[in-house]
Structures are given as C-alpha cells and as structure tokens.
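*Asks:* Before anything else, here's the structure in question.
The values are calculated or read from the model by the stated rules, or taken from the named source; none is laboratory data. Treat the numbers as computed from the prediction; the structure is a model and nothing was measured. Please note: Cβ atoms are built from the backbone with ideal geometry, for glycine as well, and neighbour counts cover all protein chains shown. The area values use the complete protein model at the heavy-atom level, side chains included, leaving out ligands, DNA and RNA. Shrake-Rupley method; radii C 1.70, N 1.55, O 1.52, S 1.80 Å.
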Amino acid sequence: PPECKITQQGGEYIGRKNVSYSGFACKPWGEEWRTTILGNGTFFIPAFPDYKETEETHNFCRNPDGDGAPWCSIENDMNFEYCDIPFCEIQEVQVGPEGNVYPECRLTEKGKEYVGTKDVTETGKPCLDWSSQPYGMPWDFFNQKMHFSEHFLNLNPSIHKNYCRNPALYREKPWCFVSDADIEWEYCDIPFCHNLSASLNSILPPECKLTEIGGEYVGRWNTTISGFQCKHWMANFPRSGNAISQLLSAFPDEVDGSHNFCRNPDGMGHGPWCYLREKGKGFDWEYCDVTSCPQTGERCDIRVSGNCISGSSFFIVLNVFGLHTIIYSTFVEHQSISPKECKDDRKGLNYVGKKNITKSGYRCQQWMTRIPNALREDFYWKAKSFPDDLHPSHNFCRNPDGSWKGPWCYNGDGTDPERDDCDIEYCG
C-alpha cells in the first residue's frame, strides 16, 4: 500500500508504518476499536479503512476517530502521538500568469492562505459575510467543539468580511457562503500566483506577514528569534501541544510530518511562533523572526495598527478586511518621520518613541525574544498590549503592564536588574 496520505486527516491511509513521530513503537489497537458482528466474527470499527483486518497485532498508524492526522497509542505518559505520514504528490502546483501577486492570488491548490478581496463566486453570486454564519457550523470545519470563529485565520471571521476563504478541511479551493439556501456555498475563481520557487511542486511564498498577528503566513522560516530550532507540529516530544488536535482549521496550510515552520494557529498577539525542539530553556515556545511585509520604498521602524509612523517614507494605508493593504501612498523624499520622543502623562502608555536604553544605561531586550530574560507576562502573547505593533527587532521602551513609573524595558545584558525604567521626558 502507498506510504502516504491524500487528505489532511489521512483517514484513508492503509500503510504499514507502526512507529510514532518521535520513534515510539505503536501499541496494537485494543478491544475498544473492535466490534463483533453475530455470525460473522470480530472486526475493527468501520472508521478503520482496513476494518476487515482481524490480526490482533494490528498496530499500524491509523485515524479512526477523526483526529488531525494518523496516530497510534504508545507506551509513554503522553499515551499517543501522531505518525510521520507525508502527503502523496498527486499533481504539480499550477503557476499563474505574470501580474498575479499575493495576496490577490493563491499559493497552493487549496488556497487556505488566500486573504485577497474577491467577494463573488465563480458563477457570479455575491458572497455572504462570514460572521453571519448563515448555515451553522460547516461539516468539514475541524473540531466541531471549537467556536466558529476559531476556524479562521487570526481566529476572527469579521476581518475576512465576505471575501472568499477556505477554512474547511475538504474544500478544493477558496469558497464562500451564498444566499441560495439550496446550495449554501460555491467555489470562487481565485488564480494562482506567479511567484515561482526552485521546486516545480510549489510556489514561492512571501517571507513576511501581512497582519500583526500573521495567521496567514505560509513561509518556510523554522527557527525562533533567539535561533532555536522549531519542533515539528506533529511531534509530542519534548513537549505536547494542542495545535493540531484543536486548531487545525486555523493553519494557513496543510500539515504533515515534515512541517516545522513558524505559524500562528492560536492567535498569539505578535506574530508566527513555534514550539522549541530543545528542552530545559525555561520556556517551550517563542516568536519567530517574521517581519511585516514591506511596501515599495518603505523602511519602517514603528507601526501603529499597520500604519508606518517612523521610517524613511510615509504611506497612507487603508485598512481592508483587517489586512493593511496599500491603496494609495504619499512618498516624502529624503525626510525622516519620527514619533514624539516624550510622554503625555506619568505612565506614558501611549509612548511610541525609539529610546532603547534605560536610565541606568542598559540596552533594552527585544520584546518578542525570551533570551536573556524569559518573558512570561500576558502582554507577551496578548494582542494590543502595546501602543504600536511589535516586530522582531523592536526593543524600544514601552509600558505594557501599566507601571506607574512609566515606560521601561527588560535588561538586554541579562544581568541584574531584570528590568529597568527609561528616562522619558514629559511633552510640552
């Protein structure tokens, strides 16, 4: 039998792999997975693709309960782990004509990463707003126990308005709900992008994010900001995660055993992240060095809600479906735009200046790193904790915890004190 899967969940897989992703031997499937038919014998339940198999030693990776991928039980405290079953290469990805530029095109066959603005189906029917949830929970939204909103990129259907999307597992390409209750939904005609990669089976994805949260990112970065290797999403060791079992729909791409790329399926507030392969660091995940996609001629140090307020040029940005897409721009030649280097009140919660040295002379640690100080406060993962958008090199004095002393930062030298206040003058 083929040693690959056709679908994300791999319910059809009948291969002979019998070790888990981390190399643990699979245990035979027990009695709870069998049923007895009077006069015919005992068989596996029909959810097994080889349910007529009668061998009691059957310990091959399968997915009889509709989990995110084939798995098996193992002799370990985790009890189970997914198996490393790759996708079958069925066909080459098509390449669109020149001029098709992401995000107004799709990078993959299924187009789960598509975040363009097409809002009509391939037959011309207007799309309905996703947040209206006109026909309840679709059957192929993974993990029906999760809220409807948690199946969308950035976990928020409202920012996707009525644009074509593909949050489901078994739709062939982007689609949307329509007002005709007899059909409920239709596919959209979304072209492929032209960006070619070295492989004929893929299109080169952008190595940047379009939104602050970055749920749409499908790049190939697989190390954290501090340089730690990312753990494969299918692996339960060294630390078990629930991203696959709970949030599979919110991945912008399909996942198999080779996938250890930075993603943001659970809406971490400041961008794509991953679990660490290494143990004993005092933390098990960290953000990745995924920056915001630059606009033509733009160098931006500070953004507020996607708008650049500090750089070598200034762009007027219209907020489209929550993704900051440039509609028109103004270029200020040879003129630097700088935010105020002062605070309006004692706490300075709205300070967005560029000071990155504390009053004692310590260099500020980048807010998105967990080295040398392993940040654990909720502002590390909550969106809108800062007055501006964080990015990997952002180490400017801020006040995310509302300290009465005003803006501060962590000591980037890793010495005592762990954090120190910044000397920010009052405005006026």
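*Asks:* Within segment 54-75, how many residues are farther than 27 Å from PHE141 by Cβ and surrounded by fewer than 16 Cβ atoms within 10 Å (Cβ to Cβ)?
*Replies:* Quick first cut of segment 54-75, residues farther than 27 Å from PHE141 by Cβ only: 54-60, 74-75.
If we keep only those that are surrounded by fewer than 16 Cβ atoms within 10 Å (Cβ to Cβ) too, we end up with 54-57, 75.
Of the residues in that region, 5 qualify.
*Asks:* For segment 225-277, give me each residue that is hydrophobic (A, V, I, L, M, F, W, C) and open to solvent by 20 Å² or more (accessible area, probe 1.4 Å).
*Replies:* Scanning segment 225-277 gives ILE225, PHE228, PHE237, PHE261, MET268.
*Asks:* Inside segment 236-291, can you point out the residues that are over 24 Å from PRO400 (Cβ atoms) and among the β-branched types (Val, Ile, Thr)?
*Replies:* ILE244, VAL255
*Asks:* Taking segment 361-385, which residues are open to solvent by 40 Å² or more (accessible area, probe 1.4 Å) and either over 21 Å from ASP266 (Cβ atoms) or of a type in the set (D, E, K, R) (or both)?
*Replies:* Scanning segment 361-385 gives GLY361, TYR362, ARG363, GLN366, ILE371, PRO372, ARG376, GLU377, ASP378, LYS382, LYS384.
*Asks:* Check whether at least one residue in segment 286-299 is out of contact with any Leu (no Cβ under 9 Å at 6 or more places or on another chain), touching a residue at least 40 places away in the same chain (Cβ under 8 Å), open to solvent by 10 Å² or more (accessible area, probe 1.4 Å) and over 24 Å from TYR102 (Cα atoms), and report yes or no.
*Replies:* no
*Asks:* Being under 14 Å from TYR362 (Cβ atoms) and hydroxyl-bearing (Ser, Thr, Tyr) is the filter; apply it to segment 396-428 and report the residue that is modelled with the highest pLDDT.
*Replies:* Applying the filter and picking the extreme gives TYR410.
*Asks:* Turning to a different aspect of this structure: Looking at VAL304, VAL320, can you tell me which residue is open to solvent by less than 50 Å² (accessible area, probe 1.4 Å) and at pLDDT below 55?
*Replies:* VAL320
*Asks:* Quick one: in segment 106-122, which of the residues that are of a type in the set (D, E, K, R) and out of contact with any helix residue (DSSP H, G or I) (no Cβ under 9 Å at 6 or more places or on another chain) is least open to solvent (accessible area, probe 1.4 Å)? Even if it seems obvious, please write down each step before you answer.
*Replies:* Keep residues of segment 106-122 that are of a type in the set (D, E, K, R), which gives 106, 109-110, 112-113, 118-119, 122.
Those still in the list that are out of contact with any helix residue (DSSP H, G or I) (no Cβ under 9 Å at 6 or more places or on another chain) too: 106, 109-110, 118-119, 122.
Working: ARG106: 20, GLU109: 67, LYS110: 45, LYS118: 74, ASP119: 61, GLU122: 100 Å².
Out of the qualifying residues, it is ARG106.
*Asks:* For segment 272-293, indicate whether the set of residues that are farther than 27 Å from GLY66 by Cα and touching a helix residue (DSSP H, G or I) at 6+ places or on another chain (Cβ under 7 Å) is non-empty.
*Replies:* Looking for residues that are farther than 27 Å from GLY66 by Cα and touching a helix residue (DSSP H, G or I) at 6+ places or on another chain (Cβ under 7 Å), one finds none in segment 272-293, hence no.
*Asks:* A follow-up question, please. Quick one: how many residues across segment 166-190 are assigned to a loop (DSSP other than H, G, I, E, B) and open to solvent by 50 Å² or more (accessible area, probe 1.4 Å)?
*Replies:* Within segment 166-190, residues that are assigned to a loop (DSSP other than H, G, I, E, B) and open to solvent by 50 Å² or more (accessible area, probe 1.4 Å) number 9.
*Asks:* Now for a different question. Can you give me the number of residues within segment 363-385 that are more than 14 Å from TYR287 (Cα to Cα) and touching a His at 6+ places or on another chain (Cβ under 8 Å)?
*Replies:* Of the residues in segment 363-385, 0 are more than 14 Å from TYR287 (Cα to Cα) and touching a His at 6+ places or on another chain (Cβ under 8 Å).
*Asks:* Being at positive phi, in a loop (DSSP other than H, G, I, E, B) and without any contact (Cβ under 8 Å) to a residue 40 or more places away in the chain is the filter here; which residues of segment 2-44 pass it?
*Replies:* Listed by number, the residues that qualify are GLY23, GLY39.
*Asks:* Could I ask something else about it? Given (1) over 17 Å from ASP289 (Cβ atoms); (2) out of contact with any Pro (no Cβ under 7 Å at 6 or more places or on another chain); (3) surrounded by fewer than 21 Cβ atoms within 10 Å (Cβ to Cβ), where does ASP388 come up short, assuming only one miss?
*Replies:* For ASP388, the failing item is (3).
*Asks:* Of all residues being part of a helix (DSSP H, G or I) and hydrophobic (A, V, I, L, M, F, W, C) in segment 221-250, which is modelled with the lowest pLDDT? Just the residue, please.
*Replies:* ALA243
*Asks:* Report, by residue number, each residue of segment 139-163 that is in contact with a strand residue (DSSP E or B) (Cβ under 8 Å, 6 or more places away or on another chain) and closer than 24 Å to GLU254 by Cβ.
*Replies:* Matches in segment 139-163: PHE152, LEU153, ILE159, TYR163.
*Asks:* Continuing with this model, one more query. Are any residues in segment 336-393 free of Cβ contacts under 8 Å to residues at least 24 places away in the same chain and either on the phi > 0 side of the Ramachandran plot or touching a Gly at 6+ places or on another chain (Cβ under 7 Å) (or both), and if so, which ones?
*Replies:* GLY361
*Asks:* Tell me which residues, restricted to segment 105-154, are without any contact (Cβ under 8 Å) to a residue 40 or more places away in the chain and acidic (Asp, Glu).
*Replies:* Selection gives ASP129, ASP140.
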